[in-house]
Structure formats: structure tokens, C-alpha cells
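Notes for the one structure printed next.
The values are calculated or read from the model by the stated rules, or taken from the named source; none is laboratory data. Bear in mind that the values here come from a model prediction, so they are computed numbers and not experimental data. For neighbour counting, all protein chains shown are included, and Cβ atoms are generated from backbone atoms with ideal geometry for every residue, glycine included. With ligands, DNA and RNA removed, areas are computed over all heavy atoms of the protein, side chains included. Shrake-Rupley method; radii C 1.70, N 1.55, O 1.52, S 1.80 Å.
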Amino acid sequence: MQREGCSEARGLAIAVLTEDSIRDLKKLIAAQTGTRWDKIVLKKWYTIFKDHVTLGDYEIHDGMNLELYYQ
């Protein structure tokens, strides 16, 4: 179990674990930004991260940048 951190351009920091799913991360981001979690899309280059896969499976680690889109 490894603790990861996520911060966005607005300066909000989010603490997550590698066992957390992308859906969990989206819900945390949505809670802090006031948006709907199901409208958030997380990407890295051309890879769109699927909600049911964990951060560890995607090898997302501390300090990694993700692209956040609102659809």
C-alpha cells in the first residue's frame, strides 16, 4: 500500500492509494472542484483512463502529471 499525491493547477492536493480506482480519484477531484465525477475524463497522452482500473495498474505514482478534461 503506497500513498500517492495529486495536485492540480488550482493548488488542491489529493491523497490517494495505489489500490484506489480511477473512479475514486475522480470522486475526490469532483468533491474539491464542485463538478460531477462522471463528467471528468483523466488522460495521459492518448490513453483515457478507465474508471474500474486502479492507479497501481496504470503505474500512476507521486509526481505524475495527468490531463483532466470535463466532458
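Observations on the model:
- Some residue of the stretch 58-71 being without any contact (Cβ under 8 Å) to a residue 24 or more places away in the chain and either farther than 20 Å from Thr18 by Cα or basic (Lys, Arg) (or both): no
- Every test in (1) within 11 Å of the chain's Cα centre (by Cα); (2) open to solvent by less than 40 Å² (accessible area, probe 1.4 Å) is passed by Gly56 save one, and that test is (1).
- Checking each residue in the stretch 43-71 for being touching a helix residue (DSSP H, G or I) at 6+ places or on another chain (Cβ under 6 Å) and part of a strand (DSSP E or B) picks out only Tyr70.
- Out of Thr18, Thr33, one residue alone is surrounded by fewer than 16 Cβ atoms within 10 Å (Cβ to Cβ), at pLDDT below 90 and of a type in the set (Ser, Thr, Tyr). It is Thr33.
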